[in-house]
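Read-outs throughout are calculated quantities, based only on the coordinates presented, and are distinct from any laboratory measurement. The shown structure was predicted, so the numbers you read here are calculated from the model rather than taken from an experiment. As a convention, Cβ positions derive from the backbone with ideal geometry for all residues, glycine included, and neighbour counts pool all protein chains shown.
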């Protein structure tokens, strides 16, 4: 069992975190790594950004109240520490001083994972959306659900409603068809998602065309996600498959519920991977994929390329639809980009209302075959969950 | 001392003329600037703040806001919050904010007056949907309109009066007047012709593509032409409505308080042909998949060229800088009654579709159509701080409009370097809170003249409660008949000299007033005029003058009937502005004004001119188009009243002048000044475009060219290139008809030279045709481009660029066999042509001819330029992974990554291959490195493969070869010059 798979098996609920200290007057410090509210183990990189009108003379790092490193001279300030493998919280504090004698400090608390919620790695988790008459049904109990895995009814061992922290990757098409106002509207939607996230949620923003146009790291801070976006410009071809694959891989080692939210019309013109390749990866991923599907309005008559004709593009679009469905996510058609904000918010609401069901799959074979999963929740409701997973 | 005289005579394009006479003007002009003026300008920005659930937020303070102008933070010098006294959700008792001039004392203030213009657009919507929206509007106004708020109801005029807005009332708080307007509007027929046309085309697409394949190609062409015509007409409609909205912005711009326009209609089409083009594409796509093998498929239609985004963006900016917010909702069904189905099943040559197998495409087409109609409204609202609701939800929009007008924050800023006329970008943020803000995105520091003009113009349409700091009075004289129901209307502007700032200067006192005036009558609403009156008073007379009135007399020509004059007087030394209006009924009128209250009656308390109130007024139906007649054309003041109302005759270009103009452009070209020749030709063709006289222009140009062709066929070659060079320019400027004209002309000329020119010139003509074909390929007009490529190859078989272009077009259509056939001879004749070999290899691979494709790919691994071997590597790896030869893939990739270590395509493949080999963590690390690395230095080779393989060198060579024929052109021009 690898460390990463171990971490993925933890269920994080209600972690305690303290607010960062306010900066002092003329000099400011901000710890950018480790991330606030995220448990840390082993070797940890600590990065602090310090700004002042005067020359900055030194920065000192304290770990759990003890001096852990002093750097003299101007920034950058980076330390690498060994914090151990114990499941305990840590307090990182950086104190900086400038030539005028002004001091400032910043604190980041990383919590422990609550031991009573540790779950064995073999536990299979299903994120289940249930609706009744189009509205979220949030009044179901454990006994209302039945799960069939590979045709065998399973015994549910965990049952949760609501706020399991998210790790969301917002994948925004920034190719030629998104130039100008369209990109601005798309990013406004992405911002609204981040603005509405809960305290322990994290998101990463990835703008792509035929290559990465812009990326913001996984963070829970809207400001971090928005930084540098002003310079982002749409243009170029669309390598959707390549970047959807990258998104799934980037989520693999993130804790909590993994979600990809793709904003695109779905037309791929320059990927080196095909959608069937991405489907292969998606079946091995825990991520839910949501697709905010833009109308093909920008490309009438042009849905062909030297790589594939119209029919080929159509097949790729169908594959993408299948991928989204089988992941347990869904397609949200957008009539216009003006609806992007509402759609992002809708998805966040849906994620908040999901049930999380856990069970030990029986019989376990670990032979790499596809296990089909079916979830039921009684009459009068619609249930959506991932359609299966690869047993490996 | 009293002086009088004619100061200025203004000729108006509106048939309104003014004579300004300073009766007590004390009119010696000031010799120099009399005072240094330092002015602090403040720009007010109204900001609406909502929480995450969309509810208005109260309780914020100045320190919570951060304002940036052009990306730089600026200080907030004024701040106050307008907070609702009652329920923020517009419950019972909530009203539109009334006028309240009480100054804010503690940072909060009562609501400012809302000035709301409602434009009801009956195009693109069915009458019942529009009327349902009007009823909801009526309920809303009944519940919320109270004294103080002002509402104007307006509708665009179409037909003979197109280009004007019919006001159903001036700005008023009288519900009965607005309701009467709503009644009248509900009784007018909807102009839903375009909806019907849309429906018909959509239905015909389904029928045509289900019929026998023998005639399908012709039907597709016919449908394409109909879509283009529909698109052009709809685009003109959008432009007309945009112009109407701009007029409403003008009427609002000078009013105090919150200013908003509510658009109520079916929506404005941004790219009107898009939904239908998409439907046709979809139909063709399905049709093609059902064709038997070997059957020829129809060409995909070209994208519709019309795009009105630029026009609407300009309108949004126009409104934004004037502080007018757009609220908009598209009501009704975007394609009512369309039976949007397409036949499925096997369609064989000569047979129809299998009956009963139909699939609805309504959601896709409907979505595109709705997207098209609503994105314009989103654009207008977003840039002005207003709102446009999706989902055609008028109720929600009205609630939000009410909330916005009752709860907002007003921030006053002093923008740095606020040069009048310069547009600045504005951004407001709230520190440390997750709240949503809306505000206008731009502002412009208006000059004092613009401000005065805007307030004067707005006063024509609204009741102005101006404090009148200069204490001006307006008095009207007796109108005198001037013929054709036109009267000369004298009026005077009076103000006490003591109210003016007059500064000592040597032995005199000097000052200056500027008078802005405008009028509207039954036929015209004129522009604002300005007259400047310097004042010079000897010191010895200053005390006496202070007790007197200055009297400035002006005269206007106005049509008989109700009208209004608005005057703004500004003291130029101490820039205070007084705006006053004068409502009047001009001339003898015969019958009562019924119903009363429209236009004239709502403006009470102001003097009326002859005839006296006892005179029987003229009946004026509330929707009488003459209430707001066409705004006069700005560029053609010579049009007489007699010409009005006559049907416009088809414009004809002056043949001789046009031919001379064309020859002039060609002479410039022959002289080697290509830029001047392009400019001259653009001017000539743009002139023709203004009158849509393309056919005639084409004939005249062809006539000139025919003469030249007789003298020297080779001389036409540079002319072909001249027209071809204009094509991308016209496209960039979105001048679609001109671009099509350029394409037609260059194609005709190049084809002519390719068939009749000398042997040497034919190959150059082939290259011109190749360039044209490349433009069509980029535009996705594959059928046309293939035809031109074929012609080019006919002129020069070894034209490698044409051969590659033709192959690309075949690839885009999935015709890999034909692509390989085109490329084979090229790869054979020019083995060093690596692009030809690469394309040939990939097409052979697609055809499973691996015995030929694999060696070719292998031979390209060390070719140049870089994008060729990169693609050869990528494709080799793809094939190897597909065939589960992971070790081979790994080896090829490892070698390639040594040569191009950071290339994202290779790294993506590397990650995927690691994944397939059971190394997911290494794959993840590879992806993380790839994402962190950012964009590579070189462009994407896969994007390059998609593109037209033109090169700068080839273009330069083409121009050089063509330039050699300029002498022929010059000789031909000399020969044909009379």
Distance between modelled label sites at residue A:54 and residue A:80, nm, 7 Å Cα→Cβ extension: 3.4 nm
Beta bridges by DSSP in chain A, antiparallel share as percent, to the nearest 5: 75 percent
Label residue B:955 and residue B:62 with points 7 Å out from Cα along Cα→Cβ: what is the distance between them in nm? 5.6 nm
Residue B:433 and residue B:138 label points (each 7 Å along its Cα→Cβ direction) are spaced in nm at 4.1 nm
Please check: in the Gaussian network model of chain A (C-alpha springs, under 10 Å), which one of A:74, A:222, A:295 has the largest mean-square fluctuation. A:74
Take every DSSP beta bridge with both residues inside the stretch A:238-392 and express the antiparallel ones as a percent of the total, to the nearest 5. 25 percent
Relative to the first principal axis of the alpha-carbon coordinates of chain A, what is the inclination of helix A:181-195, with its axis defined by its Cα atoms, in degrees from 0 to 90 and to the nearest 10? 70 degrees
Order of B:461, A:79 under a 10 Å beta carbon neighbour criterion, fewest first: A:79, B:461
Could you pull out which residues in the stretch B:866-889 have an amide N less than 18 Å from a spot 7 Å beyond the Cα of residue B:897, following the Cα-Cβ vector? B:870-882, B:885-889
For residue B:414 and residue B:501, FRET efficiency with R0 = 30 Å and r from the beta-carbon atoms, rounded to 0.05? 0.80
Where the convex hull is taken over the Cα atoms of the stretch B:713-776, what is its projected area averaged over directions, in nm²? 3.6 nm²
Given the alpha-carbon gyration tensor of the stretch B:501-563, what are the semi-axes of its equivalent ellipsoid in whole angstrom, ordered largest first, with each equal to the square root of 5 times an eigenvalue? 35, 12, 7
If the convex hull of the alpha-carbon atoms of the stretch B:649-803 is projected onto planes in all directions, what is the mean projected area in square nanometres? 9.2 nm²
For a bin width of 10 Å, list the pair-distance distribution of the stretch A:185-304 built from all Cα-Cα distances, rounded to whole %. 12, 43, 36, 9, 0
Viscosity 1.306 mPa s, temperature 10 °C, Stokes-Einstein D of the stretch B:849-978 from Kirkwood C-alpha radius, µm²/s: 89 µm²/s
Would you mind getting me the FRET efficiency between residue A:198 and residue A:226? Use the beta-carbon distance for r and R0 = 25 Å, nearest 0.05. 0.85
If we count other beta carbons within 10 Å of each Cβ, what is the order of B:153, B:401, fewest first? B:401, B:153
Residues A:238, B:389 arranged by fewest to most Cβ contacts within 10 Å: B:389, A:238
Work out, step by step, the length gained on full extension between residue B:73 and residue B:686: first 0.36 nm times the residue separation, then minus their alpha carbon distance; give nm to one decimal. 216.3 nm
If you take all C-alpha pairs in the stretch A:333-388, what percent of them are over 14 Å apart? 71 percent
Packing-wise, with mean Cβ within 10 Å as the measure, how do B:446-452, B:50-56 rank, highest first? B:446-452, B:50-56
Per the C-alpha gyration tensor (a ≥ b ≥ c, the square roots of its eigenvalues), chain A is rounded if a/c is under 1.5, else prolate if a/b beats b/c, else oblate; here it's oblate
Tell me, in nm to one decimal, what length is gained between residue B:475 and residue B:864 on full extension, where the rule is 0.36 nm per residue of separation less the Cα-Cα distance? 131.5 nm
Let's test the formula: R0 of 60 Å, r as the Cβ-Cβ distance of residue B:887 and residue B:246. What FRET efficiency results, to the nearest 0.05? 0.30
Could you state the principal axis extents of the C-alpha atoms in the stretch B:825-881, from the largest down, to the nearest angstrom? 32, 24, 13
